[in-house]
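One structure is given below, encoded as structure tokens.
The values are calculated or read from the model by the stated rules, or taken from the named source; none is laboratory data. As the structure is a prediction and not an experimental result, all values here were calculated from the model. Note that each Cβ is placed from the backbone with ideal geometry, even for glycine, and that neighbours are counted across all protein chains shown.
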Amino acid sequence: MPIPPRRHRARLRDVDAARFSRERNAAAALYAGMNTRSSLLGLAVAAAVAAILSDARWDAPADAATREPMFDRQTVAKGAQLAAIGNCAACHTQPGGKPYAGGRPLKTMFGTIYSTNITPDVETGIVAWSQGDFLRAMHDGTDRAGRNLYPAFPYDHFTRVTDDDVNAIYAFVMTRDPVHAVVPPNRLTFPMNLRPLLSAWKMLFFDRGVYRPDPTHGAQWNRGAYLVDGLGHCGACHTPRNSLGAEEKRQDLGGGEAEGWHATALDASSPTPLPWTAEQMFKYLRQGWDDSHGTAAGPMKPVSHDLSEVNEEDVRAIAAYLMWTMKQRHLRPASPAETLGGAAQTGEGAVIFEGACASCHGGSSASTPSTHTVPLGLTTSLNAPDPRNAIHIVLEGIWPESGESGAWMPGFEGALSADQLATLLAYLRAHFTSQPTWSDIASHLRETMQRKDRQ
């Protein structure tokens, strides 16, 4: 049976298009009169005014009482799978909040953006949005009233998604339980708090268009590319960004940042000491764990949690495509001496390791690592170009999702001083990897702890 529209939707009224027009013209007048001493800002303002005045692709929202579709269960189920690939719940659910009710603070270089309530609530959600409104948000980065959305919502990736898939996601979110939840206002610095200015950002950095299959590759590769570059928006974290917050496309998947963590490169510069196989990548994405590479932690943890519910075929396609992007190098496998600690354990770092880590990770108190741990020399966190991920793991530990089993490790925040933590991290890097010494452990440690204090 089809899932019927919500009974309260007939009460909704349309957005006043004339009011929007007045606001648009007022914004244009304001920008026309601004002092444009900065050439970059002047260019951006001019582009913003031009884009605002053009009113391109914006249509007045449809009446909710007349355009509401019926959703069949097959489409809703498809939308659930796609929403999991897109990791929608992670961003649109605040810690301790109800699913998809928004309010999660997303830190950016320009301030904090709070995610939208995308449940079908009348007053605080998106029940008034038509399929067309939702499609424009995903493909064009505009809201129901035609205002620019901030690219913290990765429409620069979602624009690649087909109309059918977007409509399936729409069916899924519109059949969630409505949650009345008011989202706090964004806290952004000037001038990025001015939405019309985003028209210039789009002109510079936004390439609209649905993914087109590459005929030189097979079906699995194309499916993986479609999901990685589109709904999966992997580059949003794993690609470096420029000073205006846009992805550096020439360094696609070359490593980035997410919530204070280093997002590992997924190209040939990947720091992994052992090459990934497609099966290992599939296991890591689906289970959040691989015994030759480590455990999904930080922002990657909810990604693997969501992918555990996605059909195997799609996850294998993602894994296969990432194998291609990483262009696996023929690296020498790490020797037991490198992975289990072949060097003499001397100095303060060795003493701290022996007391805090060796019972699970090897040392004089254990001849081999625990069967539930990854050899430290193989972990991406210790082989990464900076110590951020290792700092997070040592401070916070690793814990499975609530109610689930999985790898775990206690955190040592409060148990070790800042100096002891820095000494331990330096020892781990030097003793278990052949990578150069981290020269900035103390500053990264201080920054991470300050960030945690602000949360």
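What the table shows:
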| quantity | calculated |
| --- | --- |
| Which numbered condition Gln455 misses (of (1) surrounded by 13 or more Cβ atoms within 10 Å (Cβ to Cβ); (2) within 19 Å of Pro95 (Cα to Cα); (3) modelled with pLDDT under 85) | (1) |
| Some residue of the stretch 125-144 being within 13 Å of Phe206 (Cα to Cα), assigned to a loop (DSSP other than H, G, I, E, B), of a type outside the set (Gly, Ala, Ser) and at pLDDT 95 or above | no |
| Hits in the stretch 223-250 (condition: farther than 19 Å from Phe110 by Cβ and either assigned by TED's automatic domain parsing to the domain that holds Val166 or among the hydroxyl-bearing types (Ser, Thr, Tyr) (or both)) | Tyr226 |
| Selected residue (only one of Leu274, Leu253, Leu231 is on the phi > 0 side of the Ramachandran plot, buried (at least 17 other Cβ atoms within 10 Å of the Cβ), in contact (Cβ under 8 Å) with a residue 60 or more places away in the chain and in a loop (DSSP other than H, G, I, E, B)) | Leu253 |
| Among (1) within 21 Å of Gly235 (Cα to Cα); (2) assigned to a helix (DSSP H, G or I) - the single one Val161 does not satisfy | (2) |
| Filtered residues of the stretch 359-369 (kept if at pLDDT 70 or above and in a loop (DSSP other than H, G, I, E, B)) | Gly362 |
| Residues that are touching a residue at least 24 places away in the same chain (Cβ under 8 Å) and either buried (at least 20 other Cβ atoms within 10 Å of the Cβ) or of a type in the set (A, V, I, L, M, F, W, C) (or both), drawn from the stretch 179-193 | Val179, Ala181, Val182, Val183, Leu188, Met192 |
| Candidate set from the stretch 405-414 (those that are under 13 Å from Lys301 (Cα atoms) and surrounded by 15 or more Cβ atoms within 10 Å (Cβ to Cβ)); member that is modelled with the lowest pLDDT | Gly406 |
| Enumeration of residues in the stretch 83-109 that are among the small types (Gly, Ala, Ser) and free of Cβ contacts under 8 Å to residues at least 24 places away in the same chain | Gly96 |
| Qualifying positions in the stretch 172-202 - assigned to a helix (DSSP H, G or I) and over 16 Å from Leu231 (Cα atoms) | Met174, Arg195, Pro196, Leu197, Leu198, Ser199, Ala200, Trp201, Lys202 |
| Answer from Gly132, Gly146 - the residue that is touching a residue at least 12 places away in the same chain (Cβ under 8 Å), surrounded by fewer than 18 Cβ atoms within 10 Å (Cβ to Cβ) and over 16 Å from Thr93 (Cβ atoms) | Gly132 |
| Any hit, the stretch 395-404, residues being in a helix (DSSP H, G or I), modelled with pLDDT of 80 or more and surrounded by 17 or more Cβ atoms within 10 Å (Cβ to Cβ) | yes |
| Near pairs, Cβ below 6 angstrom, 6+ apart or cross-chain, from the stretch 294-320 (on the phi > 0 side of the Ramachandran plot) to any residue that is at pLDDT below 95 | Gly294/Val374; Gly294/Thr379; Gly294/Thr380; Gly298/Trp261; Gly298/His392 |
| Count - residues of the stretch 307-358 that are assigned to a helix (DSSP H, G or I) and at pLDDT 70 or above | 27 |
| Verdict on Ile113 being in contact with a helix residue (DSSP H, G or I) (Cβ under 7 Å, 6 or more places away or on another chain) and within 30 Å of Pro240 (Cβ to Cβ) | no |
| Unique residue being within 22 Å of Trp221 (Cα to Cα) and outside any helix (DSSP H, G or I) when the list is Ser304, Ser269 | Ser269 |
